[in-house]
Amino acid sequence: MSKKNKKRVKRIVIGFAVAVVGFVLYKFVNIWAGLAVLAAAYIILAYDVLKAAFLNIIHGHLFDENFLMTVATIGAIGCREYEEAVAVMLLYQIGEVFQSIAVDKSRRSVRALMDIKPDMARVLRDGTESEVDPGEVKIGEIIVIRPGERVPLDGDVIEGASEIDTRAITGESVPREVSVGQSVVSGCVNLSGVISVRVTSDFARSTVSKVLELVEEASNRKANAEQFITVFARVYTPIVVGLAALLIIIGCIVTRDYSTWIYRGMTFLLISCPCALVISIPLSFFGGIGGAGRKGILIKGGNLMDALSKIDTLVVDKTGTVTEGKFRVSAVEPSDSLMAKYGEGSESTLIRFAALSETGSNHPIAQAIVNAYTGEIDKNLISDITEHSGKGVSAVIDGHTVYTGKKEYIAEVIGDNSKADFDRCVKENLVGSVVYVSVDNEFAGHIHVEDGIKEGVKETFDKARKTGISEIIMLTGDNKKAADAVAGDTGVDRVFSQLLPADKVSKVEELINEGRKVAFVGDGINDAPVIARADVGIAMGAMGSDAAIEAADVVIMTDELSKVAEAKHIARKTIRIVKENIVFSIGVKAAILVLAALGLTGMWAAIFADVGVAFIAIMNAMRALKA
């Protein structure tokens with residue numbers, strides 16, 4: 001419990017004790033002594049409300065909760081309902097404590113996300129370790145991270161091995177093992193070994209800075225429901241004050257019973273306070289954002305929570321979103337002539353020639369071929385490597401001239417040599433990327449390279465449909481065969497292939513023009529335009545493109561597609577809680593307002609309509625934290 005709440009609880013206890021003494025004196029001993037003690041209890045419990053009401057009136061903010069409480073209780077005193085006036089303030093203060101505790105709990109959830117900023121970086125300069133501010137470390141410098149310390153900057157491990165706790169960034173509870181050559185991101189915690197890391201981005205562009213920026217941005221963006229409540233309170237409060245005054249005036253004129261109608265008017269005022277809505281609605285969004293953040297899903301504001309809950313069409317990019325974005329060799333098919341020459345060793349010979357010729361390329365497909373070769377890369381055997389832009393590469397490998405690349409390039413190289421072998425291969429219904437190989441101007445075979453589908457994608461799409469997604473569409477720049485194969489394996493409803501970035505934007509616009517609510521999920525820099533155009537843009541992975549993350553409305557800190565369905569579920573639950581609070585709060589208040597106007601209920605019911613309804617609504621809003 002915060003110091004402020006402890007102080008308030010202490011005041012409540014003292015006020016309650018004084019009120020009990022005053023009540024006993026007033027009823028059983030001496031009226032005037034009892035009134036004096038009850039007045040003291042009222043001042044103890046109400047002085048902060050009275051002060052706030054007075055200051056707000058001076059500054060022109062007349063119709064707020066403090067004003068309503070002050071007018072209602074002073075009116076009750078004027079009607080000689082002294083005990084009720086004190087009881088109203090007592091229960092109001094108790095309700096405020098519970099509300100404050102609930103709000104603090106919600107804020108702690110989001111504050112936990114903010115508590116990932118590293119305090120220092122241990123940088124290695126001239127052989128000496130120095131503790132400096134992370135913002136002072138430059139790209140390329142070496143930092144040392146010891147067990148228990150937070151990773152201050154993004155970088156690659158160059159020495160040591162350890163386990164990294166990534167919960168603060170990705171929401172994942174299982175530590176990740178890292179060793180030389182692997183990357184670490186700022187904001188995570190080093191658990192076991194000492195590691196040396198070469199910095200790859202400055203602090204301003206680091207993962208932790210991006211996360212903090214997103215959380216701060218989320219806290220400042222209001223949902224439509226929040227904006228509605230703000231406007232509602234401004235219009236609603238003056239109206240009910242006017243109605244209360246009208247009730248008093250008409251009642252007094254008609255019946256001449258001033259005490260009864262002033263009491264009813266003050267009760268009407270007390271009931272009308274909209275604090276249940278004003279507090280619980282923003283708290284619901286705050287809780288939903290915090291609950292999602294703990295799971296590695298950053299939603300950039302309550303307005304986007306609202307939009308996400310209404311999504312009915314999910315559009316996904318293929319590479320890096322549905323698939324792993326990591327190519328692997330799935331098949332090695334030597335030609336008849338190569339098999340005749342090398343027999344059982346023809347497959348290993350084909351992959352050897354291709355891998356050695358591709359060693360100088362950074363292309364993902366070339367790297368997949370190099371990684372598939374299990375033998376030693378002897379660069380002394382390689383000479384005359386030449387890259388033919390858009391076609392392939394050529395090289396001399398151990399005295400043999402080797403060409404690898406597209407079918408048109410290899411067809412040009414081999415001419416009429418082993419043409420029948422080549423034509424048979426080309427006619428095969430191949431899915432994925434195919435690299436063709438020629439050795440000494442004869443067709444040597446082809447290597448099939450595929451991008452593997454992420455685990456659990458089909459199950460994720462099934463879960464997404466249960467959250468209200470009516471259609472799942474995949475967009476890709478890949479060829480039709482590869483795209484159709486992935487779509488078939490994952491249960492995608494429709495797929496559009498061989499698209500340029502501008503084509504993807506056009507497809508999403510077509511869907512939006514049909515009246516659909518569209519979410520697009522992607523991770524690459526070429527996805528930024530379509531992420532920005534969708535009703536809700538979702539960027540995958542903390543290490544994804546800065547442009548995609550900047551354009552996105554929702555950022556998933558891991559590359560798990562399952563988080564998309566989870567984000568939709570959280571948004572739907574949060575909006576459902578908001579609607580429950582709106583209906584419950586307005587419904588209960590409306591009913592008791594009518595009863596109060598008819599004289600069928602008094603200030604005790606008013607206390608429930610104000611403090612009780614607010615408390616119940618806030619407790620309901622807290623459920624969003626566990627979304």
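Details
- Prolate/oblate/rounded call for the range 441-481, Cα gyration tensor, a/c under 1.5 rounded: prolate
- Hits among aspartates and glutamates - C-alpha to C-alpha of residue 4 under 20 Å, sequence gap 8 or more where chains match: 48, 65, 96, 104
- Close amide H contacts of residue 159 (hydrogens built in the peptide plane, cut-off under 5 Å, sequence separation of 5 or more or a different chain): 196.
- Local electrostatic count, residue 178, Cβ distance below 10 Å [Lys/Arg +1, Asp/Glu -1]: -2
- The protection proxy used here, the mean number of other Cβ atoms lying within 10 Å of each residue, ranks peptides 256-267, 369-380, 125-136 as follows, highest first: 256-267, 369-380, 125-136.
- For the range 325-452, size of Cβ-based charge dipole, Lys and Arg +1, Asp and Glu -1, in debye: 280 debye
- The listed peptides 193-199, 53-59, ordered by packing as a protection proxy, come out as 193-199, 53-59 (highest mean of other Cβ atoms within 10 Å first).
- Straight Cα distances below 17 angstrom link residue 573 to the aspartates and glutamates 226, 306, 312, with same-chain residues fewer than 8 positions distant left out.
- With R₀ set to 60 Å, the beta-carbon distance separating residue 484 from residue 257 gives a calculated FRET efficiency near 0.15.
- Prolate/oblate/rounded call for the range 325-452, Cα gyration tensor, a/c under 1.5 rounded: rounded
- A cut-off under 15 angstrom between Cβ atoms defines the neighbours of residue 78, and their net charge, with Lys, Arg +1 and Asp, Glu -1, is -2.
- Among 506, 383, 280, the ranking by other beta carbons within 10 Å of each residue's beta carbon, starting with the fewest, stands as 383, 506, 280.
- Charge tally in the Cβ shell below 15 Å around residue 160, where Lys, Arg are +1 and Asp, Glu are -1, residue 160 excluded: -2
- Chain lengthening between residue 344 and residue 198 when straightened (0.36 nm per residue, less Cα-Cα): 48.1 nm
- Cross-link pairs 480/626; 419/458; 454/517; 300/589; 407/463; 406/504 - those with Cα-Cα distance over 31 Å: 480/626; 419/458; 300/589; 407/463
- Taking 0.36 nm per residue of separation and subtracting the Cα-Cα distance, full extension of the segment from residue 74 to residue 163 would add 25.7 nm.
- Potential lengthening of the chain between residue 391 and residue 129 amounts to 89.4 nm, from the contour at 0.36 nm per residue minus the alpha-carbon distance.
- For the peptides 444-454, 17-27, residues were scored by their other Cβ atoms within 10 Å and the scores averaged per peptide; the highest-first order is 444-454, 17-27.
Just so you know, all these numbers are worked out from the coordinates, no wet-lab data involved. Source: prediction; values computed, not measured. Backbone-built Cβ (ideal geometry, glycine too); neighbour counts: all protein chains shown.
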